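Just so it is clear, none of the values below were taken in a lab; they were calculated from the coordinates. None of the values given here were measured: they were computed from a predicted structure. For neighbour counting, all protein chains shown are included, and Cβ atoms are generated from backbone atoms with ideal geometry for every residue, glycine included.
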Amino acid sequence: MDDIGRSTLSTSLRSRHAYTLVRRFIKTGIGFLAAGLLVGLYMLTQRELFGVWPHPYLRSAHMHAVFLGFVMFLILGVALWLFPRAETGDTRYRPERVEAAYWILTLSTSARFLGEVARAWSDADGLRWLVLLAGVGQVGGFAIYFFTMWTRIRPVGSHLREAKGERF
Ligand code: HEM
């Protein structure tokens, strides 16, 4: 295979990998939405049928599952899909880094969700550490994602139109 063929193959494998990750972010987000809604339904039933107001830990688990788990995962997935591809020679953007961010965010958000649900019934030290470390993981996951995506956040074509005097 010549150089052009090799480079085309590597570009197409790279973009297929990126699209798989996009779907993974979005479908994992839908999973978090389902988990968050179930806790929401449980809290609502307890409140309306039994007069038991939601435990702050359950509220936190619900809120983070729907906002961070669903809304943020959707945003991260769609950004991965929409932003311009990395330029040739870009050493910062690597799909493996985004994949690492995906796994760190998924595992830490799951641990945080389960840990916070469990915290509504238990004060065990292990659970406190689990929730705290999961939060640290979430911060780290976002940091890796945005560090990696930084160079893909750029205009494509619009700077040429801006140079011609267009404003948008
Ligand atoms: C994507 C949809 C949803 C979002 C973004 C969302 C967001 C939130 C947020 C931010 C809170 C915290 C409010 C606070 O601290 O005062 C909350 C609380 C709550 N949510 Fe949701 N929620 C959603 C869907 C649902 C659904 C479908 C249910 C029930 C079937 C539900 C039941 C509850 C309950 C019972 C509370 C606690 C309210 C209280 O303090 O008494 N949520 N939700």
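Net charge within 9 Å of residue 131 by Cβ-Cβ distance, Lys/Arg positive one each and Asp/Glu negative one each, not counting residue 131 itself? Charge balance in the 9 Å sphere: +2. Which distance in Å, rounded to a whole number, links the C-alpha centroids of the stretch 81-112 and the stretch 38-67? Using only Cα atoms to place each centre, the spacing works out to 32 Å.
Using the Cβ of residue 101 as centre and a radius below 12 Å, the other residues enclosed give a net charge of +1, where K and R count +1 and D and E count -1.
Which percent of the Cα-Cα distances in the stretch 3-155 go past 17 Å? Tail of P(r) above 17 Å: 65 percent of Cα pairs.
Structure remark: mean-square fluctuation, Gaussian network model of the chain, C-alpha springs under 10 Å; the largest value among 63, 149, 43 belongs to 43. Less than 13 Å Cβ to Cβ from residue 30, Lys/Arg counted +1 and Asp/Glu -1: what total charge do the surrounding residues give? Neighbourhood net charge equals +3. To the nearest 0.05, what FRET efficiency results for residue 124 and residue 150 with a Förster distance of 35 Å applied to their C-beta separation? Approximately 0.35, to the nearest 0.05.
Ignoring the sites themselves, the chain has its longest run without GluC sites (Glu not before Pro) in a DSSP loop having at most 11 other Cβ atoms within 10 Å at 1-86. Placing pseudo-labels 7 Å out from each Cα toward the beta carbon at residue 107 and residue 166 gives an inter-label distance of 4.5 nm. In this calculation the C-beta distance from residue 63 to residue 91 is compared with R0 = 30 Å, giving a FRET efficiency of 0.20.
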